[in-house]
Amino acid sequence: MPISVLGFYGAVVLWAVLIARGAFKPKQWPLIAGFGLVLLLFLNVRYLIEGAPAGIAFFISLYDFFDNVGLSAGEVPSAMGTCQQNACSLWGTTYELHQTWGVAFYDRFVDAPSLRTNALYVHLSCNSIVFILMHAQLLWAGKPGIASAHASLGRATLFFLTLGTAAALYLASEHDTVQSYGGSLAEWGFYSMSLCVYGAALMGWRMARRGDWAMHRVWMIRFVGAMYGAFWLFRVLLMVTGPLFREWETVSLLISIWASAPLGVLMADGLRRSWDARSPRSGEPSVRAG
């Protein structure tokens, strides 16, 4: 039994409880965000420590339990397959069927060209830094005496986001040939995801340059939502849609690619409106973004 996978399941359940109890309470979000940030770093940093194939194998293992639920012996759905010596999973012989996108993801980074592997590392590293910086911005925004630091952190966030997005675009440019991902639909889906995330950040930067701090706040909260969507909603959707669409290859992955970032923006905007509406009545400060 992969103890690390089971432990991660337990941590995610605890995080979900925190979100359910505090989603509409701005004062609870530092704890919620901090817990999620630790989980994100756990997923991303292991790629840099163990190497891409091992990091991908852990990632695929997170879905194996759900994707195999209800399968009878010998049944092989159209969207599932095997990998050589079951090296793409930590479940050993427990689960030998995996989503075909997961098998392709693993195979593409075993003996991969150095440019592809390094682009993945740059993407993961820079986006992890962006997550850290954007949370610092959210927690410190509006506090007296830190305007200069806030601006500097904003520029650093945009710098690392640019590097991470450029690496993501390079990786996406190869996806038109990966049919298990969805080919060109996957390629352009990742382009749209990058546009959603980077576009929201640029709009926030533009509003700051204009001195429109109210809209700067709005767009930066949307940017945070896009980042959460591209990372967390992407993965949650895979967990739900994978078992539902086992007979349609690429459908589950394409749903996550195209829907996760826009949904993140919509959810963040909805939370912002709820916080702002409740704040005058409850006495709770509204979350301010920078």
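Among the residues of the range 250-264, write down those that are of a type in the set (A, V, I, L, M, F, W, C), surrounded by fewer than 23 Cβ atoms within 10 Å (Cβ to Cβ) and touching a Gly at 6+ places or on another chain (Cβ under 9 Å). Residues satisfying the conditions are Val251, Leu254, Trp258, Ala259, Leu263. Could you please find all residues in the range 110-142 being surrounded by fewer than 20 Cβ atoms within 10 Å (Cβ to Cβ) and part of a loop (DSSP other than H, G, I, E, B)? Result: Val110, Asp111, Ala112, Pro113, Gly142. Residues that are among the polar types (S, T, N, Q), over 21 Å from the mean Cα position of the chain (by Cα) and outside any loop (DSSP other than H, G, I, E, B): does the range 188-203 have at least one? Checking the range 188-203: not a single residue is among the polar types (S, T, N, Q), over 21 Å from the mean Cα position of the chain (by Cα) and outside any loop (DSSP other than H, G, I, E, B).
Where residues in the range 85-109 are among the hydroxyl-bearing types (Ser, Thr, Tyr) and part of a helix (DSSP H, G or I), which of them is farthest from the chain's Cα centre (by Cα)?
In the first step, residues of the range 85-109 are kept if they are among the hydroxyl-bearing types (Ser, Thr, Tyr); the result is 89, 93-95, 100, 106.
From the residues that got through so far, the ones that are part of a helix (DSSP H, G or I) too are 100, 106.
Values: Thr100: 20, Tyr106: 18 Å.
The selected residue is Thr100.
The C-beta contact set for the range 28-56 (first residue closer than 30 Å to Asp111 by Cα, second residue part of a helix (DSSP H, G or I) and among the β-branched types (Val, Ile, Thr), distance under 6 angstrom, 6+ apart or interchain) comprises Ala52/Thr117.
Looking only at residues of the range 1-54 that are over 29 Å from Tyr95 (Cβ atoms) and of a type in the set (Phe, Trp, Tyr), we find that the one that is modelled with the highest pLDDT is Trp29.
Within the range 242-270, how many residues are under 20 Å from Ser184 (Cβ atoms) and of a type outside the set (Asp, Glu)? Going through the range 242-270 one residue at a time, the tally reaches 15.
Take Tyr191 and tell me if it is more than 19 Å from Leu138 (Cα to Cα), at pLDDT 95 or above and surrounded by fewer than 23 Cβ atoms within 10 Å (Cβ to Cβ). Break it down stepwise before answering.
Values: more than 19 Å from Leu138 (Cα to Cα): yes; at pLDDT 95 or above: yes; surrounded by fewer than 23 Cβ atoms within 10 Å (Cβ to Cβ): yes.
When the stated conditions are applied, Tyr191 passes them.
Among residues that are on the phi < 0 side of the Ramachandran plot, among the charged types (D, E, K, R) and either modelled with pLDDT under 85 or touching an Asp or Glu at 6+ places or on another chain (Cβ under 8 Å) (or both), Asp269 is not included. So Arg46 fits all but one of (1) in a helix (DSSP H, G or I); (2) of a type in the set (D, E, K, R); (3) over 25 Å from Ile132 (Cα atoms); what number is the exception? Result: Arg46 passes all but (3).
I want to confirm something. Restricting to the range 63-79 and keeping residues that are aliphatic (A, V, I, L, M) and surrounded by fewer than 22 Cβ atoms within 10 Å (Cβ to Cβ), which single residue is farthest from Ala186 (Cα to Cα)? Break it down stepwise before answering.
Keep residues of the range 63-79 that are aliphatic (A, V, I, L, M), which gives 69, 71, 73, 76, 79.
Filter again for surrounded by fewer than 22 Cβ atoms within 10 Å (Cβ to Cβ), leaving 69, 71, 73, 76.
Values: Val69: 26, Leu71: 27, Ala73: 31, Val76: 24 Å.
Per the stated criteria, the residue is Ala73.
Do we have Arg288 as modelled with pLDDT under 95, more than 30 Å from Phe65 (Cα to Cα), not aromatic (Phe, Trp, Tyr) and not in a helix (DSSP H, G or I) here? Steps first, answer last, please.
Numbers: modelled with pLDDT under 95: yes; more than 30 Å from Phe65 (Cα to Cα): yes; not aromatic (Phe, Trp, Tyr): yes; not in a helix (DSSP H, G or I): yes.
When the stated conditions are applied, Arg288 passes them.
Close Cβ contacts (under 9 Å, 6 or more residues apart or on different chains) running from residues in the range 227-238 that are basic (Lys, Arg) to residues that are modelled with pLDDT of 95 or more and surrounded by 23 or more Cβ atoms within 10 Å (Cβ to Cβ) comprise Arg235/Ser256; Arg235/Ser260.
Which of the following residues is crowded, with 19+ Cβ neighbours inside 10 Å and among the hydrophobic types (A, V, I, L, M, F, W, C): Met239, Met207, Met220, Met215? So that I can check it myself, show each step before the final result.
Values: Met239 fails: crowded, with 19+ Cβ neighbours inside 10 Å; Met207 fails: crowded, with 19+ Cβ neighbours inside 10 Å; Met215 fails: crowded, with 19+ Cβ neighbours inside 10 Å.
Testing whether each residue is crowded, with 19+ Cβ neighbours inside 10 Å and among the hydrophobic types (A, V, I, L, M, F, W, C) leaves just Met220.
The values are calculated or read from the model by the stated rules, or taken from the named source; none is laboratory data. As the structure is a prediction and not an experimental result, all values here were calculated from the model. Note that we place each Cβ from the backbone using ideal geometry, even for glycine, and neighbour counts take in every protein chain shown.
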